[in-house]
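Undergrad: Next up is a structure, given as structure tokens.
The values are calculated or read from the model by the stated rules, or taken from the named source; none is laboratory data. Source: prediction; values computed, not measured. FYI the Cβ positions are ideal-geometry reconstructions off the backbone, even for glycines, and counts take in every protein chain you see. To get the accessible areas, we keep the full protein, side chains included, count just its heavy atoms, and leave off ligands, DNA and RNA. Shrake-Rupley method; radii C 1.70, N 1.55, O 1.52, S 1.80 Å.
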Amino acid sequence: MRASILALLTERPMHGYEMIQEIGERTGGVWKPSPGSVYPTLQLLEDEGVIEGVEGSGRKLFTLTDAGREEAAALPEDTKPWDEASQGVDFEAVHDMRSAMHGIGDALRQLMSNGTEAQRAKALEVVTDTRKRLYLILAEAD
């Protein structure tokens, strides 16, 4: 997380939410860090004097300090930290899986809104069984 924040801030000042969005976009959605990992890292970097936060427009905009620029300059130039997260990823498969998950979510919302108690119970069984079967796929030897 630290290296990603430093690399982003070499490009321009950003606020935390913007960093989360940027990393998500740069990894094709494979890695979208949570606020629970970004904001504590920002606080740590600020406490260490590596970055500086300035309040404005209701958001804290972060920039590198001289020490931060030195640390960022020491990062490997040939790859960015978020490149590793998306290496070897089949983006078409990721897209297909996300589409399938959204379709399942839509069907579940319909069942919760319009289904009978028996239909909802049956849907819960299907979802529970599906979750178990997915983990079994992961447990299979190649």
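Undergrad: Roughly what would the spin-label model give for His95 and Tyr135, points 7 Å off Cα along C-beta, in nm?
TA: Calculated label separation equals 3.2 nm.
Undergrad: Could I ask something else about it? Quick one: 3J(HN,Hα) in Hz for the stretch 72-82, Karplus 6.51/-1.76/1.60 with θ = phi - 60°, rounded, Gly and Pro as x.
TA: 5, 5, 7, 5, x, 7, 6, 9, 9, x, 7
Undergrad: Within 13 Å, Cβ to Cβ, of Leu64, how many net charges do the neighbouring residues add up to if Lys/Arg are +1 and Asp/Glu are -1?
TA: Once all neighbours under 13 Å are counted, the net charge is -4.
Undergrad: If you take all C-alpha pairs in the stretch 1-83, what percent of them are over 20 Å apart?
TA: Pairs farther apart than 20 Å: 26 percent.
Undergrad: What is the Cα centroid distance between the stretch 87-142 and the stretch 13-67, reported in whole angstrom?
TA: 33
Undergrad: Within the P(r) computed for the chain, what percentage of the Cα pairs occupies the region above 23 Å?
TA: Value for the chain (Cα pairs over 23 Å): 54 percent.
Undergrad: Something else about it: For Met14, enumerate residues with amide H under 5 Å from its amide H, sequence gap 5+ or separate chain, H modeled in the peptide plane.
TA: Phe62
Undergrad: Sticking with this one: Output wanted: per-residue J couplings in Hz (rounded whole) for the stretch 104-117, from phi through Karplus 6.51 cos²θ - 1.76 cosθ + 1.60, θ = phi - 60°, x for Gly and Pro.
TA: Using θ = phi - 60°, the values come out as 5, x, 4, 5, 5, 4, 5, 4, 5, 7, 10, x, 6, 4 Hz.
Undergrad: When Lys and Arg each count +1 and Asp and Glu each count -1, what net charge do the other residues less than 13 Å away from Glu46, Cβ to Cβ, add up to? Please report the intermediate quantities before stating the final value.
TA: Values: positive: Arg2, Lys60; negative: Asp47, Glu48, Glu52, Glu55.
With Lys, Arg at +1 and Asp, Glu at -1, the neighbours total -2.
Undergrad: Determine the calculated [θ] at 222 nm for the chain from helices alone, applying -39500 (n - 2.57) to every DSSP H run no shorter than 4 residues and normalising by the residue count; nearest 500 deg cm²/dmol. Kindly include the intermediate steps, with their values, before the conclusion.
TA: Values: 7 runs with 93 residues, N = 142.
It lands at -21000 deg cm²/dmol.
Undergrad: For the chain, what is the number of Lys pairs with C-alpha distance below 28 angstrom, counting only pairs 8 or more positions apart or on separate chains?
TA: For the chain, the number of qualifying lysine pairs is 5.
Undergrad: For the stretch 20-100, which whole-number percentage of the solvent-accessible area (1.4 Å probe, protein heavy atoms only) is attributable to carbon and sulfur atoms?
TA: Working: 2640 of 5180 Å².
Its accessible area is 51 percent carbon and sulfur atoms.
Undergrad: Enter the angle in degrees (range 0 to 90, nearest 10) between the Cα long axis of helix 16-26 and the first principal axis of the Cα atoms of the chain, meaning the one along which they spread out most.
TA: 70
Undergrad: What spacing in nm lies between the two simple spin-label points modelled at Lys32 and Leu61, each 7 Å away from Cα in the Cβ direction?
TA: It works out to 2.5 nm between the two label points.
Undergrad: Using 7 Å Cα-to-Cβ label points, what is the Asp47/Thr116 separation (nm, one decimal)?
TA: That separation, rounded to one decimal, is 5.8 nm.
Undergrad: Here is a further query. Can you tell me how much longer the chain between Val127 and His102 gets when fully stretched, taken as 0.36 nm per residue apart minus their C-alpha distance, in nm with one decimal?
TA: Computed gain between Val127 and His102 is 7.6 nm.
Undergrad: Long-range amide H contacts for Thr65: which residues qualify at under 5 Å (H placed 1.01 Å from N, peptide plane, sequence gap of 5 or more or a different chain)?
TA: Amide H neighbours of Thr65: Ile51, Glu52.
Undergrad: A further question on this structure: For the chain, what is the relative contact order in percent, using Cα pairs closer than 8 Å and at least 6 residues apart in sequence?
TA: Computed value for the chain: 24 percent relative contact order.
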